[in-house]
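Data first, discussion second: the structure below is written as structure tokens.
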């Protein structure tokens with residue numbers, strides 16, 4: 001037997017062993033995780049807490065609210081907001097103009113404020129003014145807020161120093 005045939009035989013045996021291990025580990029019965037309906041309220045998840053945890057929850061809630069308004073999944077909308085080109089492909093595919101997208105982003109941001117207030121993550125004294133701001137936010141700044149709520153809540157953007165007030169008032 002030539003050395004080449006031996007190597008091919010070893011590779012074949014190793015390949016079959018890999019498939020066997022994968023199947024034994026449950027790989028044959030794999031089913032993808034069902035994407036949740038963005039219109040349904042989500043159960044509260046454990047986050048890192050503080051401003052970072054609030055920003056994470058805020059972003060997910062805002063994406064859910066906007067996706068619900070648009071009739072798409074949160075994951076699809078999140079991918080669409082990653083770049084201008086991705087957003088253009090998304091709006092073209094789903095026949096969404098900037099006005100409809102703006103209204104959806106604003107609705108998502110309002111939902112995020114409402115959810116945070118309802119869960120006791122932000123006090124009512126701050127929720128009202130935050131709601132007033134996000135109800136009128138321009139599209140680009142709304143997308144920025146959805147993408148990086150922590151940066152904005154920290155006061156590094158158009159909302160000003162709201163992060164300092166939030167940090168002092170967080171439960």
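The number of residues in the range 114-130 that are under 17 Å from residue 146 (Cβ atoms) and without any contact (Cβ under 8 Å) to a residue 24 or more places away in the chain comes to 1. Restricting the search to helices (runs of 4 or more DSSP H) fully inside the range 89-159 and requiring at least 1 residues that are modelled with pLDDT of 90 or more and assigned by TED's automatic domain parsing to the domain that holds residue 72 gives 98-118.
The values are calculated or read from the model by the stated rules, or taken from the named source; none is laboratory data. Computed from a predicted model, the values in this text were never measured in an experiment. Cβ sites come from the backbone with ideal geometry, for glycine too, and all protein chains shown count toward neighbours.
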